[in-house]
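The values are calculated or read from the model by the stated rules, or taken from the named source; none is laboratory data. It should be emphasised that the depicted structure is a prediction, and the values quoted were computed from it without experimental measurement. No Cβ is skipped: glycine too gets one built from the backbone with ideal geometry, and neighbour counts run over all protein chains shown.
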Amino acid sequence: MTATPDIGMVVVQPTAFCNIACTYCYLPDRSNKHVIAQSTVTRLFEQIFASGWSCPEITVIWHAGEPLVVPVSFYREAFATIERMRPASVHVKHSFQTNGTLIDTEWCDLFKEWGVGVGVSLDGPRELHDLHRKSRSGKGTFDKTIAGIRSLRENNVDFHVISVLSHTSLDQPAELLDFYLTEGIDQICFNVEESEGDHVSSLFHGPELRKRYAAFLRSFWHLARRSGRVRFVREIDLALPRLFRPEGVPARNIQVEPLAMLNVDSHGNVSSFSPELLGLKNKDYRDYLLGNINFQSLQEIRDTCLASALYRDITAGVQACSRSCDYFSVCGGGAPVNKLFENGSFTGTETSYCTLTQMVPTDLILEAYDRLAHSPAMVVPQDVPSPSPVQSSDVAA
């Protein structure tokens with residue numbers, strides 16, 4: 001019997017519409033202006049809270065296309081509705097991933113009032129950002145994005161940025177860091193331009209990519225630490241607790257657990273595992289959909305998931321990873337959607353994506369740990385955890 005879900009993340013697509021047109025965007029329906037109904041939001045969270053499957057903290061990510069094209073008033077109503085239904089035992093944290101072009105004081109007021117997490121897509125200085133992040137008329141979006149970021153800073157709203165690395169920016173770790181520091185950005189995440197949906201990245205298939213990315217991340221991380229002005233580098237800081245954790249505690253991967261990550265589009269259609277699957281078509285997997293929250297209960301959606309070819313093949317892929325990959329104890333089976341996009345099947349194993357997001361950070365952290373551990377000046381306190389259960393000798397270098 002499969003354990004009941006522990007729903008830790010709910011990705012809600014308020015609309016598929018996006019007000020800009022990035023050249024690397026894979027979303028198939030980004031001109032559709034349909035907006036999720038308040039009744040669908042109510043029904044979704046009624047089902048989540050009634051199920052008893054909630055983790056003590058649920059992160060609700062409003063994401064894809066551009067969530068800020070939906071007015072502030074919509075979110076005030078939705079947040080208040082969710083709060084009224086929320087059990088006392090569950091904490092709800094709202095978060096937005098936005099291109100930043102629409103942020104103003106009114107949005108900042110909402111973010112502060114509700115303690116909203118904010119991620120802004122920013123690819124670096126103008127010459128890098130405007131290469132791919134363009135308006136629908138083909139113009140660069142840098143000025144509007146930076147204006148949004150400066151509004152966040154002026155209104156004391158905490159935020160991070162996500163930068164997509166291209167051929168050019170992979171060679172510019174110092175230049176990127178200088179730019180972030182100039183703009184007061186101290187929480188930074190990186191994505192490498194990848195193949196998703198209809199977008200095929202030539203960069204992702206380059207034979208030297210792992211070496212180039214490792215050189216970039218090593219340099220950026222070390223420079224950021226020396227600067228003393230960067231609070232968070234996602235690729236390193238999220239990997240650390242996965243490596244340095246108590247013996248016997250597995251690393252959780254919500255991308256392979258049924259309904260642990262619950263994804264809902266603007267029509268109420270539900271998927272799990274990866275939000276990128278929403279909107280994609282595949283008859284063998286019923287378009288990756290598990291039901292519609294407007295018409296099915298969460299229990300019915302879970303039952304459909306457990307009986308699906310989608311879950312069967314994702315599980316087979318996780319099992320294959322566990323048998324073949326030295327990094328399995330760090331990632332727990334990879335990202336199913338990237339297996340699909342890169343290898344053509346959920347049952348596969350290693351992808352370029354997992355090489356970059358799991359293997360490279362692991363190698364860099366263990367490299368730094370070994371260097372510190374062998375330093376004559378280093379005194380290791382007794383309560384400093386070793387990198388168990390992933391030892392240096394267990395990890396392919």
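Observations on the structure shown:
- Scanning segment 169-196 for residues that are over 20 Å from Ala224 (Cβ atoms) and polar (S, T, N, Q) turns up just one, Ser195.
- Number of positions in segment 116-170 that are within 19 Å of Phe216 (Cα to Cα) and in a helix (DSSP H, G or I): 5
- Residue satisfying all of: in segment 80-94; free of Cβ contacts under 8 Å to residues at least 40 places away in the same chain and crowded, with 19+ Cβ neighbours inside 10 Å; farthest from Glu276 (Cα to Cα) among these: Val92
- Checked against the criterion of being more than 18 Å from Thr362 (Cα to Cα), of a type in the set (A, V, I, L, M) and surrounded by 14 or more Cβ atoms within 10 Å (Cβ to Cβ), the candidates Val256, Val233 yield just one match: Val256.
- Number of the condition not met by Tyr75 [criteria: (1) within 20 Å of the chain's Cα centre (by Cα); (2) modelled with pLDDT of 95 or more; (3) among the hydroxyl-bearing types (Ser, Thr, Tyr)]: (1)
- Qualifying residue in segment 1-21 (condition: among the polar types (S, T, N, Q), more than 28 Å from Thr101 (Cβ to Cβ) and at pLDDT below 95): yes
- Considering segment 25-84, the residues that are in a loop (DSSP other than H, G, I, E, B) and of a type in the set (Val, Ile, Thr) include one that is nearest to Gly117 (Cα to Cα), namely Val70.
- Residue within segment 61-68 that is free of Cβ contacts under 8 Å to residues at least 12 places away in the same chain, out of contact with any Phe, Trp or Tyr (no Cβ under 7 Å at 6 or more places or on another chain) and under 29 Å from Asp303 (Cβ atoms) present: no
- Restricted to segment 252-354, the set of helices (runs of 4 or more DSSP H) holding at least 2 residues that are under 30 Å from Arg210 (Cα atoms) and without any contact (Cβ under 8 Å) to a residue 24 or more places away in the chain comprises 309-324, 336-343.
- Close pairs (7 angstrom Cβ cut-off, 6 or more residues apart or separate chains): within 19 Å of Val157 (Cβ to Cβ) in segment 175-186, hydroxyl-bearing (Ser, Thr, Tyr) and in a helix (DSSP H, G or I) anywhere: Leu181/Ser227
- Residue in segment 98-108 that is among the charged types (D, E, K, R), under 27 Å from Cys25 (Cβ atoms) and free of Cβ contacts under 8 Å to residues at least 40 places away in the same chain present: yes
- Figure legend. Inter-residue proximity from segment 23-43: first residues among the small types (Gly, Ala, Ser), second residues surrounded by fewer than 16 Cβ atoms within 10 Å (Cβ to Cβ), beta-carbon distance below 8 Å, spacing 6+ or different chains. Indicated pairs: Ser39/Asn294.
- Selection status of Gly228, on the phi > 0 side of the Ramachandran plot and touching a residue at least 12 places away in the same chain (Cβ under 8 Å): no
- Residue identified as in contact with a helix residue (DSSP H, G or I) (Cβ under 7 Å, 6 or more places away or on another chain) and under 19 Å from Cys18 (Cβ atoms) among Val157, Val118, Val92: Val118
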